Amino acid sequence: MDEKNQETSNMEAQISYSILALISFFGLVSTIETTIVSREIPAKEMIRVGLVHNMNSTHGKVAASCISMALFDFYDTHAHYRTRLSLHTRDPKDDIVAAASAVLDLMEDEEVHAILGPQWSSQAKFVNDLGVKAQVPVISFSATSPFLSPRQRPYFVRTAYDDSSQVGALAAVVQAYGWREITLVYEDTDYGNGLVPYLVDAFQEVDAWISYRSVIPSSPEDIDIVKELNKLLMIQTRVFLVHMTAVIGSRFFVLASEAGMMSEEFAWIVTDGLSSLLDPVSSKALYSMQGVLGVRPHVPPLESRGDFVERWRKLYAERNPHDKIADLSLFGLWAYDTITALAFAGEMAWEPAKSRYLKPNTSRNNLDFSSIGISEIGPKLLDEILSVKFQGLSGEFHLPNGELQPIAFEIFNVVGQREEIIGYWTSARGLSPELNVSTKVCNRALANDLKPPTWPGNTLKPPKGWVMPMLGKKLKIGVPKKDGFKEFFKIEWDPHTGAPSYSGFTHDMFLEVLEALPFAVPHQYVPYVDESRQRAGTCDDMLYKIKLQEFDAVVGDTTIVANRSSYVDFTLPYSESGVAMVVAIKDDERRNMWIFLKPMSWNLWLTTGLAFISTGFIVWLLEHRTNEEFRGCRSQQIGLILWFSFSTLVFAHREKVANNLTRLVLTVWVFVVLILTQSYTANLSSLLTVQRLTPKFMDVQDLIRNGYFVGYQGGCFVRELLVRELNFNESKLIPYRSAEEYHEALSKGSENGGVAAIFDELPYLKVLLAKYCNKYKIVGPTYKTGGLGFAFPLRSPLVSYISRAVLKVTQDKAKMDAIEGRYFRGQSSCPEQDAAIFSDNLSLSVYSFGGLFIITGVVSVSSVLLYVVLFFQSNWPSSSAIRLGDRSLRSKFLETTSNFFREHRLLGCPWKDGSKIALTSQFRSMEASTNNDVGVTARRQNKKERPLLMMHV
């Protein structure tokens, strides 16, 4: 720990000695005190202000001239003010330590109350700490790094725009032209690095990203820039966003132009640091930037600015007689407005009693900065600066949150030696061709929101933003060599030249897609074959060649599945797909001698028979007491029940019915019989006249359970589906390669060396069904896949363009019909296919007539119940008719029931004729006696009433 402390002390001592040496050096330099006061009106009070800036740079010379004019103009207008600004200038060049030393010297020796500068953001970080220590405002009109925030540094004031304020405009330009990938080129300085995180966030909001970062050294040699340019040529992205100062950026664009990177396939965007308005660049550099787009803050036009520019040019020429007159930059306008604001604030904050520093009771030490005094007027001066508001040369001067806020940004295009404004961007309106266009905020920027720019290569066509990484070479597209199903992709080699030719549905689709693209894609097919021109591997192997960078794409009948998408990107499918099962169909059922039983299922046959018998029984039950045609011995009545019920099938019953309840039951039943017979007749006619094709297998589980062999297309992903998802035994899987092999295997069957079913994708199965009409059928579920698509490397920007072109082609019905007709139309016509009906179950079931059976059942049961109730009501014995000791409800019920079934006991068929005659005579005499008794009773009650008992004798 002691060694570390000693090391730290030594480092602090070295830094302090360096600062003291620089202070001594600056002490030898004469101090420039500029007091702009009219000789006739002497200044009463001097407000000392330190100016820390590189006066030998173009930027410094422009700023110095603007500051000098600002002092003269302000006090010429405000001659009555009692204060004057006294500038004490230090020139630290571009050194950070020198800037800190210069500020320290100004605070110790000059006791300045404000610091103007320094020029760079890296210098301002250290200077700001000294400002906080001495309570002296540090006011910068050129330190634009987002890392310097007035919110975090209380004595830092930025009278310029934060660099991060332009990222919204940059993202809107990228979004307007549909670019998704951007290469960021920036210098390795605080200025360059500070904007990177803000750009990343802004591009993410418009669904774009920075795919590559090219970092240029802070003090690069030409060879360093050339190396980075060579790297940029090897990547796909052709949209470059350059964030540099003019010193480095000018050299960068000159070398980029010499490298041929300002052609029509490139798009260049620059930030405000490279605008000629913000930081002048040479004419040579500007000529190298033809077609570049850029953003810069918008400066509202003012009439007074024209006179100011003329006066400034004269002053600049007088001060720099050996230099070419530079363009007035926005930094110069900010410097002018900063002096004006500071002069206003000084007048408002000045108190003569507080014109000096409060010195601490310590002697100045070479290793300690605690001897720096505290400005008494500094805090008040800071408050006044933040509250100043006026119309300056750069626009409205106001410092909310301690810094200037931009009103709008201009989108410019470098054409010739000028920068043409093609549009504007504001946070409220987004992009617009004119600044004062009253439009609402749009969720998406469009190229129509800008005037058409001229792009690199002097073209009006916007660059697509990417190319293939191998410049000068064609796109290498892998294509499959197929042994079967050549309707999709076919390769033929010329026997004389050996040159391959290509055809097929997939090949033609790809050519149509390329035609639909708004740009050309040079390409060449590379067959995926071995030395003997046979297929070199599976489809997965061919796709993996893209990841190995042996192919730039794969065009074939490749299916989009999840595991493949981990190493390639697919376009949208150009054909729907899915895996299904095909099985053979049974022979024509018209050869079956029992075909007359087929129209109805066995359960319907059984249900119909039971309905016939039950209906006949109910009719007999309702009629046999009053209708002599329904009487007789048991065997005769049973035969009558069966005869009557089945005779209704052909409406041949001749027995008359007398009971209204019977008529109701028969009416409903005859309607049911009519429907049954008509349905049976229609179905039987169809069976006898139309060909019926029934699949031999219906369920995948039946194939697995019985151990049948199944086939699939070799070299595709279907095998993995059968094994992993459907749980087939691998030993039961047989690969095939063509529709002809499928046909042969299915014809043999699993028992004879073939297969019971074929699993493949729908496009191939449709080819099989079209070739062999009415022999096979797709059954069971369809296992969805992503369809057939084209494959490209992961995150290839070509995918989105190809996908959009696929949509254009597939939605054009005429074009799709033409492509499909060339390969599939000849196979799609089957002579007998229209007359064939594929059906899994041709028989009618009980469910089809369930409603009818329920209706007739309800009517029949209701009629029987009503009949029984009426019988019991009319035949219920009175109490006087029963013996005195047996008058219970049970006895009455048994007596009535006995009467109901009495006829059943009497109507037997004896074995002897004599007994039969005697019994018949006995029955007739009993019937006559009963009728007489009942008739007398009825006549006494009501002559018009006929007793119901008469019906039951």
Requested in this report: May I ask you to derive the FRET efficiency for Ala428 and Arg724 from their Cβ-Cβ distance with R0 = 60 Å, giving the value to the nearest 0.05?
Outcome: 0.60
Query raised in the report: Taking R0 as 60 Å, what's the FRET efficiency between Leu511 and Asn436 from their Cβ-Cβ distance, rounded to 0.05?
Result: 0.75
Query raised in the report: Given 0.36 nm per residue, what is the gain on full extension from Trp605 to Ser501 after removing their alpha carbon distance, in nm?
Result: 31.0 nm
Query raised in the report: Ser304 label point, 7 Å along Cα→Cβ, cut-off 18 Å on backbone N: hits in region 47-90?
Result: 66-81
Query raised in the report: What is the list of residues in region 519-545 whose amide nitrogen lies under 14 Å from a point 7 angstrom out from the Cα of Lys808, following Cα to Cβ?
Result: 519-521
Report summary line: In nanometres, the difference between 0.36 nm per residue of separation and the alpha-carbon distance of Leu684 and Ile595 is 31.2 nm
Requested in this report: Please grab the % of Cα pairs in region 541-581 that end up more than 13 Å from each other.
Outcome: 55 percent
Query - Gain on full stretching of the segment that runs from Lys547 to Asp383 - 0.36 nm per residue minus C-alpha separation - result: 52.8 nm
Query raised in the report: Any idea what diffusion coefficient region 753-824 gets from Stokes-Einstein, in µm²/s, Kirkwood Rh on alpha carbon pairs, 4 °C, 1.567 mPa s?
Result: 84 µm²/s
Report summary line: For the pair Glu45 and Asp494, the simple spin-label estimate (label points 7 Å beyond Cα toward Cβ) gives in nm 9.7 nm
Report summary line: The Cα extents of region 58-140 along the principal axes, largest first and rounded to whole Å, are 39, 30, 18
Query - Where only alpha carbons of region 149-246 are counted, the Rg and the Dmax (Å) - result: 15.0, 47
Query raised in the report: At a Förster radius of 30 Å, what calculated FRET efficiency corresponds to the Cβ-Cβ distance of Glu351 and Asp94, to the nearest 0.05?
Result: 0.25
Query raised in the report: Order of 97-105, 180-188 by packing, highest average Cβ count within 10 Å first?
Result: 97-105, 180-188
Query raised in the report: Taking the radius of gyration and the Kirkwood hydrodynamic radius from Cα positions alone, what is the Rg/Rh ratio for region 465-576, to two decimal places?
Result: 0.95
Query raised in the report: How many percent of DSSP beta bridges within region 475-576 run antiparallel, rounded to 5?
Result: 40 percent
Query raised in the report: With no solvent and one point per C-alpha, what does the Debye sum give as log10 I(q)/I(0) for region 694-793 at q = 0.12, 0.18, 0.25 Å⁻¹?
Result: -0.38, -0.86, -1.72
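Taken together, the values in this text are just the output of simple stated rules run on the coordinates, not laboratory data. Since this is a predicted model, take the numbers as computed values, not measurements. Virtual Cβ from ideal backbone geometry, glycine too; neighbours counted across all protein chains shown.
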